[in-house]
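The values are calculated or read from the model by the stated rules, or taken from the named source; none is laboratory data. Bear in mind the structure is a predicted one, so any value in this text is a computation, not a measurement. Cβ atoms come from the backbone with ideal geometry, glycine included; neighbour counts cover every protein chain shown.
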Amino acid sequence: MKALLAATGAAVAVALMWGIAAGARDAPPSADRSGFDVPDAWYASLSPDPEEATEAFLQRVPAAVRAKGDAYGATRQLTEVLRVVVLVSSIALMLFSGAAARMQNLAERATSVRPLRDALFAAQLFLALFLLSLPVDTYGGYVRVRQAGFSDRSYGDWLGQTALAWSVDTVFYVVGATALMALVRRRPASWPAWGVAIYACLSATYVFLTPVYIEPLFNRFTPLADGPAKEEIVSMARANGVPVDTVFVRDASRQSVLLNASVSGLAGTARIVLDDNTVAQAPLGETRMVMGHEIGHYVLSHDVKGILLVALVMGIGFVAIRWGARRLIERYGRSWGIPTFGDIASLAVLWGLFSVWTFLALPATNSITRQHEREADLYGLNAAREPIAVGDFMIRNSDAYQLDPSWLEEWIFFTHPSARSRIRVAMRWRAAQFNGSSGRPTPEP
């Protein structure tokens, strides 16, 4: 236990010093979010060939901005790898130092009710993992974002919201872990199948509650002011079967300068949300395109499909986790203080293997979300009919991600198709639907 406490104290100290030092320095300016403007003649002369038009949009991005986006994207990938390495190393420390067994003893002394014991152990486990992961989270979520010029918020504000997000997530984690441990004991052969149901139910509950109860903890949501943008969005939403009367604006500028939008929630909690950065900086055509895309997610039930498909991927992982956990506990369990699979502390083994599987399954889970993004892009093009706006919008945040990653990087790490891919789809749609290169719909005969 002393080793765990020492490592935790060191991790917190490093994170605080790193974050405070980064926050004390002025954040550099980011690329101009208004885009890289070109005269109207540029659009008029845009080639009707999809490949040439795609390349023309990408050529508008200055080399320095593109290099910054490539570097920033690489640090995001590095952070994902570091997170899983730190998490697995932290769990190994708990097991081999005997801290996990000590945490189990604390839970057992606190209550004789087995589900409560499991919940208390899970809470200790997730608190320790949060604190041990704080340095890499500080780097990935604060230092690199601030150094790139995407945010000027204080470290205290970031840390407070990060701790709040951990608290919310931990409620779901503890419930899921407690239910899973009960199944491990009662259904030792079939618990992976039941685990899929638990994962899907908790994910659906989280998505359902997010717009009404979770997101307002982090941002303020206000109705979009009356005007052309609201009229266009609400009209398009109604025309596509989305039952909304109000578009909400999120004060996302308190977290970053990047542009975004979303449709969140399930059934009666669904809402359309525009970030205030997007409202302030994106022209009406781009706003229509963004909303058409988000409406596509809602109409095509991507939240529900995503929950079910990812749950199936996790189910495959549960089978592998069951095999791996049994083997590890058979070999090391007594030295860890976990003599049998099903002891409370075996949750640490399960969570470590689950984290490894979640990382190894990124190509599968990211492929699911990328496919949904492609479908939403096409839906948005048909709803908004703004292919030129796709190209303009895709290069607005070009200093925040890789515009043209390798196929391997995209396959493993990208939840969205690359900017090149998305612009190419829009330009192909434009070539098929529009007459000439103006980007305007073909007139009716």
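Beta carbons closer than 7 Å, at least 6 apart along the sequence or on distinct chains, pair a first residue in segment 298-314 that is under 21 Å from I233 (Cα atoms) with a second that is exposed (fewer than 15 other Cβ atoms within 10 Å of the Cβ) for V299/G241. Kindly establish whether G265 is in contact with a strand residue (DSSP E or B) (Cβ under 7 Å, 6 or more places away or on another chain) and at positive phi. Spelling it out, G265 is indeed in contact with a strand residue (DSSP E or B) (Cβ under 7 Å, 6 or more places away or on another chain) and at positive phi.
Looking only at residues of segment 32-50 that are under 18 Å from G69 (Cβ atoms) and not charged (D, E, K, R), we find that the one that is modelled with the highest pLDDT is F36.
Of the residues G324, G391, G380, which is small (G, A, S), within 22 Å of I91 (Cβ to Cβ) and in contact with a helix residue (DSSP H, G or I) (Cβ under 7 Å, 6 or more places away or on another chain)? Going through G324, G391, G380 in turn, just one is small (G, A, S), within 22 Å of I91 (Cβ to Cβ) and in contact with a helix residue (DSSP H, G or I) (Cβ under 7 Å, 6 or more places away or on another chain): G324. Looking at G285, G324, G306, G315, just one residue is outside any loop (DSSP other than H, G, I, E, B) and in contact with a His (Cβ under 8 Å, 6 or more places away or on another chain), and that residue is G306.
Each row is one residue, and each column tells you yes or no for (1) touching a Cys at 6+ places or on another chain (Cβ under 7 Å); (2) exposed (fewer than 15 other Cβ atoms within 10 Å of the Cβ); (3) of a type in the set (S, T, Y); (4) closer than 30 Å to P28 by Cβ.
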position: T170; (1), (2), (3), (4): no, no, yes, no
position: A189; (1), (2), (3), (4): no, yes, no, no
position: A193; (1), (2), (3), (4): no, yes, no, no
position: A225; (1), (2), (3), (4): no, yes, no, no
position: A229; (1), (2), (3), (4): no, no, no, no
position: A261; (1), (2), (3), (4): no, no, no, yes
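Residue-wise test of (1) surrounded by fewer than 19 Cβ atoms within 10 Å (Cβ to Cβ); (2) in contact with a strand residue (DSSP E or B) (Cβ under 9 Å, 6 or more places away or on another chain); (3) closer than 30 Å to A148 by Cβ; (4) among the basic types (K, R).
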residue	(1), (2), (3), (4)
V273	no, yes, yes, no
V290	no, yes, yes, no
S301	yes, no, no, no
F318	no, no, no, no
F341	no, no, no, no
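All of D377, D392 fail the test of being of a type outside the set (G, A, S), modelled with pLDDT of 95 or more and either over 22 Å from A197 (Cβ atoms) or surrounded by fewer than 17 Cβ atoms within 10 Å (Cβ to Cβ) (or both), apart from D377.
Any chance segment 200-216 includes a residue that's within 24 Å of M289 (Cβ to Cβ), hydroxyl-bearing (S, T, Y) and touching an Asp or Glu at 6+ places or on another chain (Cβ under 9 Å)? Checking segment 200-216: not a single residue is within 24 Å of M289 (Cβ to Cβ), hydroxyl-bearing (S, T, Y) and touching an Asp or Glu at 6+ places or on another chain (Cβ under 9 Å).
Cβ-Cβ distance below 9 Å, separation of 6 or more or different chains: which pairs start in segment 45-61 with a residue that is more than 12 Å from G391 (Cα to Cα) and end on one that is assigned to a loop (DSSP other than H, G, I, E, B)? Matching pairs, first to second residue: S45/S437; S47/S437; P48/G436; P48/S437; E52/L46. In summary, helices (runs of 4 or more DSSP H) completely within segment 70-156 and bearing 1 or more residues that are under 28 Å from R186 (Cβ atoms) occur at 99-110, 114-132. Would you say R422 is under 30 Å from E231 (Cα atoms), of a type in the set (D, E, K, R), crowded, with 18+ Cβ neighbours inside 10 Å and modelled with pLDDT of 95 or more? Against the criterion (under 30 Å from E231 (Cα atoms), of a type in the set (D, E, K, R), crowded, with 18+ Cβ neighbours inside 10 Å and modelled with pLDDT of 95 or more), R422 qualifies. For segment 261-280, state whether one or more residues are aliphatic (A, V, I, L, M), over 30 Å from L202 (Cα atoms) and in contact (Cβ under 8 Å) with a residue 60 or more places away in the chain. Looking through segment 261-280, none of the residues is aliphatic (A, V, I, L, M), over 30 Å from L202 (Cα atoms) and in contact (Cβ under 8 Å) with a residue 60 or more places away in the chain.
If you filter segment 395-419 down to residues that are part of a loop (DSSP other than H, G, I, E, B) and over 17 Å from R76 (Cβ atoms), you find that the one that is modelled with the highest pLDDT is I395. Condition check for G439 on (1) more than 22 Å from E294 (Cα to Cα); (2) modelled with pLDDT under 90: one failure, at (1).
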